[in-house]
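Nothing in this text is a laboratory measurement; each read-out follows from the coordinates by a stated rule. Note that this is a predicted model, so its numbers are computed, not measured. Don't worry about glycine lacking a Cβ; one is built from the backbone with ideal geometry, like all the others, and counts go over all protein chains shown.
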Amino acid sequence: MLAALGAAGAASATAPPHADLNPLFAAEWWLRGHTTVTDWMGGESPSDGIDAIGAWPTSSGEGVVVAVIDSGLDTKTPALYGRLIPGRDFLTGRRLTGDPLGHGTHVSTIIAGRPEHSNGIFGVAPDAQILPLRVGTARGHVIDSAAAAALTYAARDPRVRVINMSWGKDYTPVVARALAAVAAKGSILLVSSAGNDAEELWSTRLLPQSFDSPNEITVASTNYFDMLSFFSNFGTHVEVAAPGERILSAFPGGTLLIADGTSMATPMVSGIAALLFSRYPQANAMQVKQAIVAGCTPLPDLAGRVGCGGIVNAPAALRALARMLGAPQP
């Protein structure tokens, strides 16, 4: 009996309270599953989100920490109240106090937002926690030594199961070594953005995109109409896709911002990984990656352009991981 109970995390989870009363909730189209919408020509078009809503009765990310290596975070963001672990600024060597660019705040809220007063943005894994680690300047440049130090710092924290990296930079040995050291642990899934150059990545030397590992997954972007985003990189190194256009999320100063980019698609996958690790904490990073890939919803426009040929789906990934582990289906 004890072994059976230990085979999974929380036996059940609940959807965020009164989410349907939140005036912004309807705008978060990426949280729903499949539907049909009216396209630009007035016809009907399929539209797929990641169906986080469908996964919430099974898992909401409780007990999982996602390290967000980015531009920092506005620690006063209302939707992240109670979701934050004290972070670190690897440019100053001090405790993290803010986010001069706003990028990290936007990304973190997509992962774990949970408004307390029926306003603000709900994240994919609203009961997960965020460890914010600043490595980028106010102009968006990622510093090699800071990125390597942040990766090492996150890997040393036993609570961290997912690392979100919504950035790219030219290959440097120091960052490559740090990525390899994290991947070697086997317990942490590295989640990388594909980039926004509309290119096939077969010859890229960008990191972390070109870092291939069973414990790393790279994410392309889709739009509202199940198409690869016009800006999204694709092909070699890119395993999955997630929504990355017209994504509404928090921004510093208690404001909101609609943004486009594979930077927005990547935290969708990090959030799904948090849902899987929460439900099945005994899973390793490779198994979680395989389940996310196996659970993709096939889309015609992504065939041959993304490894799984489709968009990630949270309930399907949970079911795939349960099968892999020999656990009861959620």
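A few comments on the model shown:
- Fewest-first ranking of 278, 232, using other Cβ atoms within 10 Å as the exposure measure: 278, 232
- By the count of neighbouring beta-carbon atoms within 10 Å, fewest first, 137, 218 end up ordered 137, 218.
- Alpha-carbon centroid distance for the pair the range 115-181 / the range 61-99, whole angstrom: 9
- Distance in nm between pseudo-label sites at residue 181 and residue 256 (7 Å out along the Cβ direction from Cα): 4.1
- Sorted fewest first by neighbouring Cβ atoms within 10 angstrom, 106, 237, 141 come out as 141, 237, 106.
- Projected label distance in nm at residue 45 and residue 92, using a 7 Å step from Cα toward the beta-carbon: 4.4
- For the range 127-190, alpha-carbon Rg and Dmax in angstrom: 11.7, 36
- With a cut-off of 15 Å on the backbone N, the residues of the range 300-330 near the modelled label site 7 Å out from residue 286 along Cα-Cβ are 324-325.
- Database remark: amide H of residue 310 closer than 5 angstrom to the amide H of 241, 299 (H placed geometrically; neighbours at sequence offset of 5 or more, or on other chains; Pro and chain starts carry no H).
- Estimated from helical segments only, the mean residue ellipticity of the chain at 222 nm is -7500 deg cm²/dmol, where each DSSP H run of four or more residues counts as -39500 (n - 2.57).
- Contour excess over end-to-end distance, with Cα ends at residue 156 and residue 199 and 0.36 nm allotted per residue: 12.0 nm
- Computed over the chain, the P(r) curve from all C-alpha pair distances, binned at 10 Å from the origin, holds 6, 30, 38, 22, 4, 0 percent per bin.
- On the basis of the beta-carbon distance and an R0 of 22 Å, residue 230 and residue 29 show a calculated FRET efficiency of 0.75.
- Per DSSP, loop trypsin sites (Lys or Arg not before Pro) in the range 136-169 with at most 11 further Cβ within 10 Å: 139, 156
- When peptides 242-252, 261-271 are ranked by their average number of other Cβ atoms within 10 Å per residue, the highest-first order is 261-271, 242-252.
- What you get for the chain, charging only the Cβ of Lys and Arg (+1) and of Asp and Glu (-1), is a dipole of about 1160 debye around the Cα centre.
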